[in-house]
Amino acid sequence: MSGFSTLLYKEMLRFWKVAFQTVAAPVLTTLLYLLIFSHVMQGRAPVYGEVAYAAFLVPGLVMMAVLQNSFANSSSSLIQSKVTGNVIFMLLPPLSYWDFFAAYVLASVVRGVAVGAGVLLVSLGFVSLSFAHPLWILAFALVGSAILGALGLIAGIWADKFDQVAAFQSFFIMPLTFLSGVFYSIHSLPAFWQELSRFNPFFYMIDGFRYGFFGVSDINPAMSLAVALLNLLVFTAVALALLKRGYKLRH
Amino acid sequence: MTPAIQIQQVHKRYGAVQALGGVDLEVAQGEFFGLLGPNGAGKTTLINILAGLARADRGSVRVLGHDVVTEYRKSRRALGVVPQELVFDPFFSVRETLRLQSGYFGLKRNDAWIDEVMHHLDLTGKADANMRSLSGGMKRRVLVAQALVHKPPVIVLDEPTAGVDVELRQGLWEFVRGLNADGHTIVLTTHYLEEAEALCARIAMLKLGRIVALDTTRNLMNRRDSLYLKLRLSGAGLPAALASQVRDSRDGVHTLRVPNYAEVEGLLAQVREAGAQIEELELLQPDLEDVFVQIMKDAKA
């Protein structure tokens with residue numbers, strides 16, 4: 001095993017050992033959203049003409065779960081290691097900053113996709129869905145979770161305390177995911193908010209992901225993927241630069 | 001031969017605090033080397049720079065000839081560090097911890113060595129226990145084991161016996177001595193000076209980020225050229241001629257300074273000739289603690 005694959009394995013083993021909390025719990029929470037929102041909103045918001053609201057909602061919720069859990073994985077793992085001090089076990093060996101980055105982000109992708117798949121699977125028991133373009137679904141799930149994995153890594157590097165990571169999540173990640181069209185099509189919004197939504201990178205991830213199911217979207221999926229990839233590039237560059245400098249890790 | 005550790009003009013500053021102010025140090029392969037100094041002297045900072053956990057502002061550090069910044073993969077592979085803080089990952093068992101650590105160094109199928117290290121450190125019985133459930137002493141042993149999974153030629157122990165019971169301390173030293181005998185270079189920091197005295201062949205003393213003494217343990221001990229002779233006398237008592245040599249007299253026990261061993265006989269003769277009988281006699285050799293205190297005092301001036 002190389003250093004990288006060991007670190008990846010360790011990161012996956014870490015969340016898997018507490019899968020009840022890291023996988024099962026978010027699946028349940030997301031399903032509660034689905035049950036409540038689809039009940040309350042039924043018949044009220046016609047979306048894309050013929051798509052039932054509950055069906056429209058599922059991909060949004062799946063992607064939201066993917067994004068939030070990928071962020072949670074890398075950020076909470078790293079801040080825990082920093083606060084307890086065991087991060088030195090990863091700093092003493094000859095792991096490169098690329099190894100470090102790739103292992104944390106890939107483990108986040110695995111966790112995000114695992115939770116997303118769980119939500120999707122259980123949702124299929126309640127809602128019938130189409131899978132118009134499975135490859136788009138996969139592409140957005142992977143790119144989206146990688147972006148949030150990188151962002152979580154950045155938050156974990158930057159934060160000195162648990163509450164700083166929690167604040168990052170509550171005041172940045174949560175609002176951006178909630179206001180990204182998970183629960184509505186942005187075409188139902190007033191013009192100003194519609195325009196504003198276009199500055200939210202999460203909107204493109206969710207819209208593109210949804211395209212994979214229905215073959216319909218607010219934005220051309222190729223455009224959405226391009227925006228998502230650009231985000232991935234930027235956050236990857238930032239995370240790598242921080243790791244290379246040893247920012248808040250190697251003093 | 002390439003030095004195990006080569007430190008040249010290392011400076012490090014944390015904000016307003018000068019942690020290291022130009023440290024030069026060379027440790028040869030196979031040495032058992034002690035790094036001593038009061039809290040805040042810069043010992044851990046120096047070790048952190050050596051291990052790549054911190055970066056020097058200036059200067060260079062090499063492990064077996066490999067620069068710790070530009071050739072960090074090689075330098076880290078050559079180095080095993082037992083950190084001062086009792087850290088652990090609560091998600092894993094002892095064996096998982098050691099397997100992961102081994103894997104970080106890119107080692108496959110290392111189980112035979114892991115089993116051997118666990119055996120030597122008396123960890124075999126706890127191999128599958130979660131790290132959380134271990135006592136402090138056991139966690140310390142796991143840290144030692146983690147530092148050794150990749151068989152590093154250079155081993156640094158940063159205060160490994162702080163808060164550790166006598167049995168483990170002795171077991172640990174026996175083990176580390178064995179590693180040294182097998183050719184491993186050992187660098188040790190400790191606050192227990194009798195440990196350093198017993199184990200280290202050469203010692204550097206740090207104060208406020210500078211090396212204030214660097215010599216063999218024997219030479220350092222010889223710096224205190226005087227011995228102390230403790231006498232309890234009956235009969236005539238201490239002859240007046242020796243009054244200038246008395247360091248203290250308490251409960252009929254006199255402690256006398258003696259410049260060297262050759263003077264001991266003459267001194268005892270003087271006591272006898274004065275008509276005093278020796279009831280108890282103890283020859284106190286200077287210990288490293290005296291030397292340490294003296295050097296730290298001198299360095300202040």
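The values are calculated or read from the model by the stated rules, or taken from the named source; none is laboratory data. In this text, all values refer to a predicted model and were calculated from it rather than measured experimentally. Methodologically, a virtual Cβ is constructed for each residue, glycine included, from the backbone with ideal geometry; neighbour enumeration extends over all protein chains shown.
Looking across the range A:178-210, the residues that are assigned to a helix (DSSP H, G or I), of a type in the set (Phe, Trp, Tyr) and farther than 12 Å from A:Gly60 by Cβ come down to A:Phe192, A:Trp193, A:Tyr204.
Of the residues B:Gly34, B:Gly80, B:Gly15, the single one that is away from chain A (no Cβ under 14 Å) and among the small types (Gly, Ala, Ser) is B:Gly34.
Here is the figure for the range A:215-251: residues that are in a helix (DSSP H, G or I) and charged (D, E, K, R) total 2. The residues of the range B:104-126 that are over 20 Å from B:Val164 (Cα atoms) and either away from chain A (no Cβ under 14 Å) or in contact with a helix residue (DSSP H, G or I) (Cβ under 7 Å, 6 or more places away or on another chain) (or both), listed by number, are B:Tyr104, B:Phe105, B:Gly106, B:Asn110, B:Ala112, B:Trp113, B:Ile114, B:Asp115, B:Glu116. Would a scan of the range A:86-95 turn up a residue that is of a type in the set (Val, Ile, Thr) and farther than 19 Å from A:Ala65 by Cβ? Within the range A:86-95 (the criterion being of a type in the set (Val, Ile, Thr) and farther than 19 Å from A:Ala65 by Cβ), the answer is yes, since at least one residue qualifies. Among the numbered conditions (1) within 14 Å of another protein chain (Cβ to nearest Cβ); (2) assigned to a loop (DSSP other than H, G, I, E, B), the only one that A:Gly43 does not meet is (1).
Listed here are the residues, each with its yes/no results for (1) within 37 Å of the chain's Cα centre (by Cα); (2) in a strand (DSSP E or B).
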{"position": "B:Leu256", "(1), (2)": "yes, yes"}
{"position": "B:Glu265", "(1), (2)": "yes, no"}
{"position": "B:Ala269", "(1), (2)": "no, no"}
{"position": "B:Arg272", "(1), (2)": "no, no"}
{"position": "B:Glu282", "(1), (2)": "yes, yes"}
{"position": "B:Lys297", "(1), (2)": "yes, no"}
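Residue by residue, here is whether (1) in contact (Cβ under 8 Å) with a residue 12 or more places away in the chain; (2) in a helix (DSSP H, G or I); (3) in contact with a Pro (Cβ under 9 Å, 6 or more places away or on another chain) holds:
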position	(1), (2), (3)
A:Gly112	yes, yes, no
A:Leu121	no, yes, no
A:Leu129	yes, no, yes
A:Leu142	yes, yes, no
A:Gly152	yes, yes, no
A:Ala155	yes, yes, no
A:Ser170	no, yes, no
A:Ile173	yes, yes, no
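Which of the residues spanning the range B:285-301 are under 27 Å from B:Ala241 (Cα atoms) and surrounded by 14 or more Cβ atoms within 10 Å (Cβ to Cβ)? Scanning the range B:285-301 gives B:Pro286, B:Asp290. In this entry, B:Glu96 passes the filter for residues that are in a helix (DSSP H, G or I) and at the interface with chain A (Cβ under 8 Å from one of its Cβ atoms).
Taking the conditions (1) surrounded by fewer than 19 Cβ atoms within 10 Å (Cβ to Cβ); (2) under 20 Å from A:Pro94 (Cα atoms) in turn, B:Ala129 satisfies each one other than (2).
Please work out which residue is nearest to the other protein chains (Cβ to nearest Cβ), limiting yourself to the range A:1-22 and to residues that are more than 21 Å from A:Gly118 (Cα to Cα), of a type in the set (A, V, I, L, M, F, W, C) and not in a loop (DSSP other than H, G, I, E, B). Out of the qualifying residues, it is A:Leu7. Give me the residue from the range B:140-189 that is of a type in the set (Val, Ile, Thr) and part of a helix (DSSP H, G or I) and, out of that set, surrounded by the fewest Cβ atoms within 10 Å (Cβ to Cβ). It comes out as B:Val166. Does A:Val113 fit the bill of being more than 21 Å from the chain's Cα centre (by Cα), among the β-branched types (Val, Ile, Thr) and either surrounded by fewer than 21 Cβ atoms within 10 Å (Cβ to Cβ) or modelled with pLDDT of 95 or more (or both)? Judged against the criteria, A:Val113 is not a match.
The sole residue among B:Lys43, B:Lys74 that is out of contact with any Lys or Arg (no Cβ under 8 Å at 6 or more places or on another chain), within 22 Å of A:Leu91 (Cα to Cα) and within 14 Å of another protein chain (Cβ to nearest Cβ) is B:Lys74. Does the range B:113-169 hold any residues that are of a type in the set (D, E, K, R), at pLDDT 90 or above and within 28 Å of B:Gln29 (Cβ to Cβ), and which are they? Those that are of a type in the set (D, E, K, R), at pLDDT 90 or above and within 28 Å of B:Gln29 (Cβ to Cβ): B:Asp115, B:Glu116, B:Arg140, B:Arg141, B:Lys151, B:Asp158.
May I ask you to verify whether A:Ser128 is out of contact with any Lys or Arg (no Cβ under 8 Å at 6 or more places or on another chain), surrounded by 19 or more Cβ atoms within 10 Å (Cβ to Cβ), at pLDDT below 95 and farther than 19 Å from A:Leu7 by Cα? In short, no.
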